[in-house]
Amino acid sequence: MKRNSSSVDWESDVYARGNQLNRWPYSNVVTAVMREYGNTDRTGMKVLELGCGAGNNLWFLASAGFRVAGIDCSKTAISHARQRLLGNGHQVDDLVVGDCARLPWPDGTFDMVLDRGAITQNEHIRIGEIVSEVRRVLRPSGVFFSFTLFGFDHPDRKYGREISHHCYDFFTQGCFAKVGLSAFFTVDDLRHLFSPLGAVQITRHRALDTEERVLAEEFSVRAVNG
């Protein structure tokens, strides 16, 4: 299937302009990974990050003892990730410019797959393809973490135009105007999309104002490849 057609190109409009070149790992990634594997011998454990960007999470994972791999659609992002890992003495031979729905690794390669804000920039039909690929490259009982899956009740959704089921683009304002095509999810959407992986835990995160109005909504998912 063709890549998404988005109003924002993450190579030319974002990374090539020096934007989103994050330096530090995201706190929710650090917390989830260390809660899962903090007391585990991580020697030889292999982790893939989808949409790895400039390597901020990969740097943390490599420093924590994992063997890391990353894929991103942006050659600029992968170049920065390679420089980051090399500069900290880590291996960089498994960083790929490519498509998360067409992963170039053999079946059962990884103990863990991580997504932080990459899946949500796809249409639902492609997300289904990505999840199928994640299931393929995960080992039995391997864990998939997915963060920043935007909730359908996110108030800034109204600034976009729906282009397919629960997927919006061409935002006129708000936090999605600079990222283009974005998927939004209900709990039922997530249960359906992640069901091929087996055991799925879905957590909703909401920010509310003093009058209990929703300011932001997103989900995180932990799934075990069954």
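Kindly evaluate F176 against the criterion of being over 23 Å from L215 (Cα atoms) and of a type in the set (F, W, Y).
Values: over 23 Å from L215 (Cα atoms): no; of a type in the set (F, W, Y): yes.
Criteria not met by F176.
Could you check how many residues of segment 33-44 are assigned to a helix (DSSP H, G or I) and farther than 21 Å from R84 by Cα? Talk me through it step by step, then tell me what you get.
Of segment 33-44, the ones assigned to a helix (DSSP H, G or I) are 33-37.
Filter once more, keeping what is farther than 21 Å from R84 by Cα: 34-37.
Total meeting the criteria: 4.
So in segment 82-101, with the set limited to residues that are more than 14 Å from E11 (Cβ to Cβ) and among the hydrophobic types (A, V, I, L, M, F, W, C), which one is modelled with the lowest pLDDT?
Restricting to residues being more than 14 Å from E11 (Cβ to Cβ) and among the hydrophobic types (A, V, I, L, M, F, W, C), the top hit is V92.
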### Query
For segment 110-226, list the strands (runs of 3 or more DSSP E) that sit wholly inside it and hold at least 3 residues that are of a type in the set (A, V, I, L, M, F, W, C) and either at positive phi or surrounded by fewer than 22 Cβ atoms within 10 Å (Cβ to Cβ) (or both); which are they?
198-208, 214-225
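In the list V47, V30, V8, V14, which residue meets the criterion of being in a loop (DSSP other than H, G, I, E, B) and hydrophobic (A, V, I, L, M, F, W, C)? Lay out the reasoning, then the answer.
Values: V47 fails: in a loop (DSSP other than H, G, I, E, B); V30 fails: in a loop (DSSP other than H, G, I, E, B); V14 fails: in a loop (DSSP other than H, G, I, E, B).
Only one candidate qualifies: V8.
I need a count of the residues in segment 194-214 that are out of contact with any Leu (no Cβ under 9 Å at 6 or more places or on another chain) and among the hydrophobic types (A, V, I, L, M, F, W, C). Show your work before the answer.
As a first pass, look at segment 194-214 and keep what is out of contact with any Leu (no Cβ under 9 Å at 6 or more places or on another chain): 194-196, 198-199, 201, 203-205, 210-213.
Keeping just the survivors that are among the hydrophobic types (A, V, I, L, M, F, W, C) gives 194, 199.
The qualifying residues number 2.
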### Task
With the condition kept exactly as written, say whether any residue in segment 148-156 is more than 14 Å from N122 (Cα to Cα), touching a residue at least 12 places away in the same chain (Cβ under 8 Å) and among the charged types (D, E, K, R).
yes
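Yes or no: segment 1-14 includes at least one residue that is buried (at least 18 other Cβ atoms within 10 Å of the Cβ), free of Cβ contacts under 8 Å to residues at least 40 places away in the same chain and not small (G, A, S). Reasoning before the result, please.
We begin by selecting, within segment 1-14, every residue buried (at least 18 other Cβ atoms within 10 Å of the Cβ); these are 4, 6, 8, 10, 14.
Those left that are additionally free of Cβ contacts under 8 Å to residues at least 40 places away in the same chain: none.
No, there is no match, as no residue in segment 1-14 is buried (at least 18 other Cβ atoms within 10 Å of the Cβ), free of Cβ contacts under 8 Å to residues at least 40 places away in the same chain and not small (G, A, S).
When you check R161 against the structure, is it within 19 Å of V47 (Cβ to Cβ) and not hydrophobic (A, V, I, L, M, F, W, C), yes or no? Spell out the reasoning first.
Values: within 19 Å of V47 (Cβ to Cβ): no; not hydrophobic (A, V, I, L, M, F, W, C): yes.
For R161, the condition - within 19 Å of V47 (Cβ to Cβ) and not hydrophobic (A, V, I, L, M, F, W, C) - is not met.
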### Query
Quick one: how many residues across segment 190-204 are in contact (Cβ under 8 Å) with a residue 24 or more places away in the chain and more than 26 Å from D107 (Cα to Cα)?
1
### Message
Go through segment 90-113 and report how many residues are more than 11 Å from I71 (Cβ to Cβ) and within 15 Å of the chain's Cα centre (by Cα).
### Response
1
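Output the residues belonging to segment 86-100 that are surrounded by fewer than 21 Cβ atoms within 10 Å (Cβ to Cβ) and aliphatic (A, V, I, L, M).
Answer for segment 86-100, where residues must be surrounded by fewer than 21 Cβ atoms within 10 Å (Cβ to Cβ) and aliphatic (A, V, I, L, M): L86, V92, V96, V97.
The values are calculated or read from the model by the stated rules, or taken from the named source; none is laboratory data. These numbers were taken from a predicted model, which means no experiment stands behind them. Positions of Cβ are backbone-derived with ideal geometry, glycine not excepted, and every protein chain shown enters the neighbour counts.
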